[in-house]
Amino acid sequence: MTRQEKRAGTVASGARVLVSGASFAGLATGWWLARLGYRVTIVEIAPGLRKGGTPVDIKPGAIEGLRRMGLLEAVRARSLPPRRIEVRNGDGTVAFAFPPRPFVPDGPDEQYEIDRDMLLDVLFEAVAPDVEIRFGRSIAQLEEVEGGVSVRFEDGERQVFALVFGCDGMRSRTRRLVFGEGDTGLYFLKKYGFLKVVPGRIIEPDVTQIYTVKGRSVMVNGYSDKTDIGFGFHAEEELEYDYRDKARKRRLVIERFERMGGRTAELLDMIGSDDDFYFDKICQVRLSAWSRGRVVLVGDAGYCLSPFAGMGGSMAIMGAVALHDAFRRHGSDFMAAFREYEATLRPFVEKEQEHAADFGRVMFAPESDEVLEERDRRLREMRR
Ligand SMILES: Cc1cc2nc3c(=O)[nH]c(=O)nc-3n(C[C@H](O)[C@H](O)[C@H](O)COP(=O)(O)OP(=O)(O)OC[C@H]3O[C@@H](n4cnc5c(N)ncnc54)[C@H](O)[C@@H]3O)c2cc1C
């Protein structure tokens, strides 16, 4: 570490920096930091890129970011066709249907949907030549020392980095280590979501069907060769269960849906009995600051919008770009860069969080007859 790097508040180009997490936020942040001349190490707790889940929406801010990274064409080439959305009653009848929304590339409505795994691959191939990526590795402790952060990894090794970027998702360990233990910053939206991707087609491709009764929603996304099956339910209070207990999580879903009627029994059969599914409370991350000292958060770790926003992947990419732009303006003054990053992005994040919380409350497993009516009214307005 040079004398300049040791000066409080500044980090010279060429300094070693650490990124925790190799998903959209981590890979994009690593890419942009390498452009600034930093020597980047990315650590990812999983043994490889963590794949699976529903496709990712690429919204305007992220489109611009990907264009600047030279990756937009790769994303366009792999994007999924626009989909038709059918809102169905519990008995299967269609209440509202929204036709696919076509758009013109470079036009005002441009947006894409891309398979989560494909976007990860595109980003990984772009960043891998310029950074060191260590899979199966996680931070265990962070301690600010003179001119850097001393990082102890879970295998006991210690290294000092000039800066640490926490890109490790909604349940970020970086956030817990730096901002406090427990669920610091997690804001529960009173819903739970389950998602399983099954092979094969059970509805038409490029169609989303959403079945809703009071307090419960079922979603089926059809693709050419696979299907997403999602179950969501309202819960006034957080449920108590051991997050490692997959059998219990599956039971929580089955108990709530087995008597819902319609296609639900068939869908419950299809999710099978393996542990390869996603189940979690639906949350946002709301923090009063996104950085502390030499540690800063990017993407879900710092400002998760929740799945209701439909832009977790986009937001992660936009965060990485905003951070880069702030560093470009402030050079080695990382404190000023962190301040500008947050000042630039926070108004957008707060607006999106507010919108997502309200949208999810009404559209996703509406808790009462009144909220169901409100949902129908809003759907009618959206259709106009
Ligand atoms: C496997 C998976 C499936 C998902 N499926 C859906 C879905 O179906 N619908 C939906 O709306 N959203 C889903 N999400 C969340 C959504 O993709 C995120 O909103 C979006 O990806 C935000 O990107 P991110 O990079 O900030 O966080 P994430 O994509 O959550 O990535 C965080 C990364 O950090 C890694 N990590 C976690 N802890 C550590 C640690 N201690 N050390 C090092 N690395 C760590 C994780 O393994 C992961 O690779 C999913 C996320 C994951 C990881």
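The values are calculated or read from the model by the stated rules, or taken from the named source; none is laboratory data. Keep in mind the model is a prediction, meaning the values are calculated, not measured. Positions of Cβ are backbone-derived with ideal geometry, glycine not excepted, and every protein chain shown enters the neighbour counts.
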Taking the range 267-287 and keeping only residues that are outside any loop (DSSP other than H, G, I, E, B) and free of Cβ contacts under 8 Å to residues at least 40 places away in the same chain, one is left with 268, 269
Inside the range 90-137, the number of residues satisfying the requirement of being at pLDDT 95 or above and among the small types (Gly, Ala, Ser) is 3
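Output yes when any residue across the range 119-132 is part of a strand (DSSP E or B), over 27 Å from residue 282 (Cα atoms) and not acidic (Asp, Glu), and no when none is. Show your work before the answer.
First pass over the range 119-132, keeping only residues part of a strand (DSSP E or B): 132.
Applying the additional criterion that residues be over 27 Å from residue 282 (Cα atoms) yields 132.
Keeping just the survivors that are not acidic (Asp, Glu) gives none.
No, because not a single residue in the range 119-132 is part of a strand (DSSP E or B), over 27 Å from residue 282 (Cα atoms) and not acidic (Asp, Glu).
Scan the range 288-314 for residues that are more than 12 Å from the ligand (Cβ to nearest atom) and not in a loop (DSSP other than H, G, I, E, B) and jot them down. Spell out how you get there, then give the answer.
Keep residues of the range 288-314 that are more than 12 Å from the ligand (Cβ to nearest atom), which gives 288-296.
291, 292, 295, 296, listed by residue number.
Among residues belonging to the range 315-341 that are among the charged types (D, E, K, R) and part of a helix (DSSP H, G or I), point out the one that is farthest from the ligand (Cβ to nearest atom). Break it down stepwise before answering.
From the range 315-341, those among the charged types (D, E, K, R) are 325, 328-329, 333, 339-340; that's our starting set.
When the remaining residues are screened for being part of a helix (DSSP H, G or I), the result is 325, 328-329, 339-340.
Numbers: 325: 18, 328: 22, 329: 23, 339: 21, 340: 20 Å.
Among those residues, the one meeting the criterion is 329.
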Within the range 122-131, the count of residues that are loosely packed, with under 15 Cβ neighbours inside 10 Å and within 14 Å of the ligand (Cβ to nearest atom) comes to 0
Q: Determine whether the range 70-86 contains at least one residue that is of a type in the set (Asp, Glu), at pLDDT 95 or above, at negative phi and within 16 Å of the ligand (Cβ to nearest atom).
A: no
Filtering the range 139-191 down to residues that are within 14 Å of the ligand (Cβ to nearest atom), assigned to a strand (DSSP E or B) and under 20 Å from residue 288 (Cβ atoms) yields 142, 164, 165, 166, 186, 189
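Just give me the residues in the range 204-233 being among the polar types (S, T, N, Q) and out of contact with any helix residue (DSSP H, G or I) (no Cβ under 9 Å at 6 or more places or on another chain), in sequence order.
Pass one, the range 204-233, residues among the polar types (S, T, N, Q): 208-209, 212, 217, 221, 224, 227.
208, 209, 221, 224 - these are the residues of the range 204-233 that are among the polar types (S, T, N, Q) and out of contact with any helix residue (DSSP H, G or I) (no Cβ under 9 Å at 6 or more places or on another chain).
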Taking the range 30-56 and keeping residues surrounded by 24 or more Cβ atoms within 10 Å (Cβ to Cβ) and near the ligand (Cβ under 9 Å from one of its atoms) leaves 42, 56
